[in-house]
Structures are given as C-alpha cells and as structure tokens.
C-alpha cells in the first residue's frame, strides 16, 4: 500500500535517535522563532513591517514543504513507479534468512546481508544497505508473532539497531 511507503520513510528518517531529536529540536526552535516574530507583528502591525516579513514567511512555507510535503510526494512517486509494490507480498523467515515473494518476482536474502532493522508503529524495516530496506507491515503479522519476529531479527542481524 502507498501508506506503507510514506510511513516507512518516517520510520527510516527517525530510526537514528540523533536524527529524530535534532529534527524535533530544529522544528521547535523554528516554531518558537516564528511565534515570536508573529507576536511582535500582532502587537505593533504596520505595512512596512509586513513587507519586511514577507520573505521570512515565504521561507517558513518552503520549510513546511521540504519537511512534510516533499517526502510524501517523493514516496508516492516511488510507490507509483514500482510495479512490484502494488500487489500482495509474502514473507517467510527461517534460519537462513528472509524469503520475499510478490507478483512478478522473488528474493531470498541471507541474514548476513542485512545490516540492521528498525521498527515503527506500523512497520518493520529490513535494511540491506544504509538507505535500502524492505517493508513488513505489522498488520500482516499476528500479535503473538511480533515478539517472535523481533527475537529472530535480534538473533540474526548482528549490527545494533
């Protein structure tokens, strides 16, 4: 599903704690700075000040686009341009690795080829490189299987999450 691609990008982006927190801190600082400027304008509004603040608000709109809209648009394009992602997929995990099957293809990846895994609210990501991952939606997993999968991943993927 397309939402899996969009949500998985968020999981990927936030999978490293320093990235997650530096992004949040940046957003809070930028939001606070914007609020102070808007408050200052509301206290003493003037046409001259409005003209001076116009570039600032254009910059704020650009940042909103870059931080929220651009990633969603990019993931939508990636999903639409990848025919294998449109149909059902199956995954089986065993002692040798992960076995992915989809309409038109398959992939058998040994555990030694995975460098890490990350878990989000709705997905588990299997990484074969720092930026390339396969998505396992949690909705496809029975609740009792989730701990088994985590344990299997911890045992077989030997690099810290």
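Every read-out reported here was derived from the displayed coordinates using simple, explicitly stated rules and does not represent laboratory data. Bear in mind the structure is a predicted one, so any value in this text is a computation, not a measurement. Neighbour counts are summed over all protein chains in view; Cβ atoms, including those assigned to glycine, are modelled from backbone coordinates with ideal geometry.
Below are the figures for this structure:
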{"read-out": "Three-way shape call for region 2-80 based on the alpha-carbon gyration tensor, with the a/c threshold at 1.5", "value": "oblate"}
{"read-out": "FRET efficiency for residue 57 and residue 102, using Cβ-Cβ distance with R0 set to 45 Å, rounded to 0.05", "value": "0.50"}
{"read-out": "Contour excess over end-to-end distance, with Cα ends at residue 76 and residue 94 and 0.36 nm allotted per residue", "value": "3.3 nm"}
{"read-out": "For the chain, calculated [θ]222 nm from helices alone, where every DSSP H run of n ≥ 4 adds -39500 (n - 2.57)", "value": "-17000 deg cm²/dmol"}
{"read-out": "Gain upon complete extension [residue 146, residue 131; 0.36 nm per residue less C-alpha separation]", "value": "3.0 nm"}
{"read-out": "Estimated distance in nm for a label pair at residue 122 and residue 25, the labels positioned 7 Å out from Cα along Cα-to-Cβ", "value": "3.0"}
{"read-out": "Whole-number percent relative contact order across region 87-156, with pairs defined as alpha carbons under 8 Å at least 6 apart", "value": "17"}
{"read-out": "Top of 60, 38, 47 by mean-square fluctuation, Gaussian network on the chain, Cα under 10 Å", "value": "47"}
